[in-house]
């Protein structure tokens with residue numbers, strides 16, 4: 001078992017060759033959590049793939065695992081939020097079920113965890129002032145770029161631009177060109 005732990009630590013794909021360890025919770029979590037290759041999840045025993053607690057742990061260790069879990073897990077709010085971390089640069093949101101992507105309260109919660117989720121959010125939410133402002137205030141993955149994902153109409157709204165710049169002064173680079181020369185915004 002210790003040898004397998006070490007082997008999987010070097011290459012999580014090794015799990016595919018050792019049937020007796022695919023149902024081992026610790027070894028399987030280690031396999032999906034090591035490196036950036038979430039495809040290892042495919043080799044985990046079915047009973048673990050269908051175990052909500054295991055899936056939650058796996059996604060928390062490697063947000064990309066969400067791409068390989070069952071649709072029901074992708075639609076599980078807690079599991080989906082576990083994939084949305086500042087380390088995922090918001091990319092974990094791309095694997096979330098469509099019904100959650102369309103849920104305003106979920107998107108608001110997601111951008112509060114990682115502002116870069118805004119990049120992957122549906123257009124209607126990139127035009128939502130509350131969601132955009134929360135994204136700008138959230139722990140940034142790339143601090144000055146979050147506002148760049150907002151809808152153009154928000155970037156051109158002087159009042160909103162002032163509010164955003166109060167939260168992140170570097171957002172000035174992403175307001176509409178016509179506003180950048182205004183003294184009250186500069």
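Answer with yes or no whether residue 138 is in contact with a helix residue (DSSP H, G or I) (Cβ under 6 Å, 6 or more places away or on another chain) and either in contact (Cβ under 8 Å) with a residue 60 or more places away in the chain or closer than 25 Å to residue 106 by Cα (or both).
Numbers: in contact with a helix residue (DSSP H, G or I) (Cβ under 6 Å, 6 or more places away or on another chain): yes; either in contact (Cβ under 8 Å) with a residue 60 or more places away in the chain or closer than 25 Å to residue 106 by Cα (or both): yes.
So residue 138 fits the description; yes.
So which of 123, 161 is outside the structural domain of residue 57 (by TED's automatic domain parsing) and either closer than 20 Å to residue 63 by Cβ or surrounded by fewer than 21 Cβ atoms within 10 Å (Cβ to Cβ) (or both)?
Numbers: 161 fails: either closer than 20 Å to residue 63 by Cβ or surrounded by fewer than 21 Cβ atoms within 10 Å (Cβ to Cβ) (or both).
Criteria check complete, one pass: 123.
Quick check, is residue 49 modelled with pLDDT of 95 or more and either in the same structural domain as residue 109 (by TED's automatic domain parsing) or within 22 Å of residue 117 (Cα to Cα) (or both)? Taking the combined requirement at face value, the residue does not satisfy it.
Assess whether residue 146 counts as being surrounded by fewer than 14 Cβ atoms within 10 Å (Cβ to Cβ), modelled with pLDDT under 95 and out of contact with any strand residue (DSSP E or B) (no Cβ under 8 Å at 6 or more places or on another chain). Break it down into steps so the answer makes sense when it comes.
Details: surrounded by fewer than 14 Cβ atoms within 10 Å (Cβ to Cβ): no; modelled with pLDDT under 95: yes; out of contact with any strand residue (DSSP E or B) (no Cβ under 8 Å at 6 or more places or on another chain): yes.
In short, no.
Just so you know, in the range 164-186 the residues that are closer than 18 Å to residue 131 by Cβ and surrounded by 14 or more Cβ atoms within 10 Å (Cβ to Cβ) include one that is modelled with the highest pLDDT, and it is 164. Checking each residue in the range 85-106 for being part of a helix (DSSP H, G or I), within 26 Å of residue 152 (Cβ to Cβ) and over 11 Å from the mean Cα position of the chain (by Cα) picks out 98, 100, 101, 104, 105, 106.
Please work out if residue 136 is crowded, with 20+ Cβ neighbours inside 10 Å, assigned to a helix (DSSP H, G or I) and under 12 Å from the mean Cα position of the chain (by Cα). Give the steps one after another, and end with the answer.
Working: crowded, with 20+ Cβ neighbours inside 10 Å: yes; assigned to a helix (DSSP H, G or I): yes; under 12 Å from the mean Cα position of the chain (by Cα): no.
Spelling it out, it is not the case that residue 136 is crowded, with 20+ Cβ neighbours inside 10 Å, assigned to a helix (DSSP H, G or I) and under 12 Å from the mean Cα position of the chain (by Cα).
The values are calculated or read from the model by the stated rules, or taken from the named source; none is laboratory data. Nothing here was measured: the structure is a model prediction, and the numbers come from that model. Reconstructed Cβ throughout: ideal geometry from the backbone, glycine too, with neighbour counts over all protein chains shown.
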